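All remarks here apply to the structure that follows.
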Amino acid sequence: MNIIKFLDEFTSENLSNKGSSRRDALSTFSSLGKKAALAAVPFGMATVTNKAKAATMFQSTEAVGALQLALTLEYLEASFYLQALNSNVLDEDGTGKANAIYEQISLHESAHVTLLQDTLVSLGETPVDEPTFDFTAGGSFDPFNENGTGQATAYAQLLALAQAFEDTGVRAYKGQAGALMGNDALLTAALQIHSVEARHASEIRRLRGLQGWITGNERGAGMPADTQAVYNGEENIIQGGVDVTTLGSGSPFTVDSSTEAYDETLTGDEASTIAGLFIV
């Protein structure tokens, strides 16, 4: 299955419109200096229109569609970490810690790809093709320092991308859980991957000097403003119909601590929009 066709069905945007949207989202960054690009990484959630519901992309069943989306995100992450390791940008931290973390996460993501591919085949489905990724998002930034941005800037971009991808993955897996509710085996497999993605997200955030959890809808210091949509909704304080700030005996939780205690979902449309900006 072709990846562009898959995402096209998912968002109900034809290929030409998708290309135009992507070019429009990126064009405003073309005149920026390379260092300025870090502050303007174009995840483009606010500039790309999704007209369809997530259900429009499901092929045979909702469960299959959920797995195909998960596989696309795992392809993205696996490719990203491999390219990061093949660059020398991770040496910028001077300790080897970043490289060790990326090596381990890379192994995990490759394993996730294989599991999802094998699971789809076992269901009689053809796994979506692995796309070609452009982690410069059309030349707007340079996380692998291939265009001479400079090690320090490239390193900051590389870590920011990892955080955005991992935080997106955690929310996206939760967003597709409902589609898997009718199949215990598939739901279990997805949840087992989801929990590891959450560990990745926490590890990357700590590598960037942040807390391992999300407070409100804060994206964290050093993250480009255009990544805000990855975190919007995380400020929710209503869980299971209960205002969680009212919990606690005599000393209710603060809004910040309440939002840190729970994570939110991303819809399939939102997750595919993020992935689509990095697909050639």
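The values are calculated or read from the model by the stated rules, or taken from the named source; none is laboratory data. Keep in mind that what you see is a predicted model, and the values were worked out from it rather than measured. Neighbour counts are summed over all protein chains in view; Cβ atoms, including those assigned to glycine, are modelled from backbone coordinates with ideal geometry. Please note that ligands, DNA and RNA were not included when accessible areas were found on the heavy atoms of the full protein model with its side chains. Shrake-Rupley method; radii C 1.70, N 1.55, O 1.52, S 1.80 Å.
General observations
- Hey, THR245 touching a helix residue (DSSP H, G or I) at 6+ places or on another chain (Cβ under 7 Å), closer than 19 Å to ALA137 by Cβ and polar (S, T, N, Q) or not: no
- Only one of the numbered conditions (1) more than 12 Å from the chain's Cα centre (by Cα); (2) touching a residue at least 60 places away in the same chain (Cβ under 8 Å) is violated by ALA160, and that is (1).
- For the range 110-157, the candidate set comprises residues that are within 20 Å of the chain's Cα centre (by Cα), within 30 Å of LEU67 (Cα to Cα) and among the hydroxyl-bearing types (Ser, Thr, Tyr); within that set, the residue that is least open to solvent (accessible area, probe 1.4 Å) is THR136.
- In the range 133-165, the residues that are part of a loop (DSSP other than H, G, I, E, B) and touching a Pro at 6+ places or on another chain (Cβ under 9 Å): PHE135, THR136, ALA137, GLY138, SER140, PHE141, THR149
- The range 227-269, subset more than 22 Å from ARG199 (Cβ to Cβ) and touching a Lys or Arg at 6+ places or on another chain (Cβ under 8 Å), residue surrounded by the fewest Cβ atoms within 10 Å (Cβ to Cβ): GLN228
- Those helices (runs of 4 or more DSSP H) of the range 201-280 in which at least 1 residues are on the phi < 0 side of the Ramachandran plot, at pLDDT below 90 and β-branched (Val, Ile, Thr), considering only elements entirely within it, cover 228-231, 268-276.
- Close pairs from the range 179-208: first closer than 15 Å to GLU77 by Cα and in contact (Cβ under 8 Å) with a residue 60 or more places away in the chain, partner open to solvent by 30 Å² or more (accessible area, probe 1.4 Å) and not aromatic (Phe, Trp, Tyr), Cβ under 6 Å, at least 6 apart: VAL196/HIS108
- Matching option when the condition is farther than 23 Å from GLY276 by Cβ and among the hydroxyl-bearing types (Ser, Thr, Tyr), among THR126, THR168, THR149, THR136: THR149
- Taking first residues from the range 129-145 that are in contact (Cβ under 8 Å) with a residue 60 or more places away in the chain and partners that are polar (S, T, N, Q) and in a loop (DSSP other than H, G, I, E, B), the Cβ contacts under 8 Å between residues at least 6 apart in sequence or on separate chains come to ASP129/ASN2; GLY139/SER30; GLY139/ASN147; SER140/SER30; PHE141/THR149; ASP142/THR136; ASP142/THR149; PHE144/SER87.
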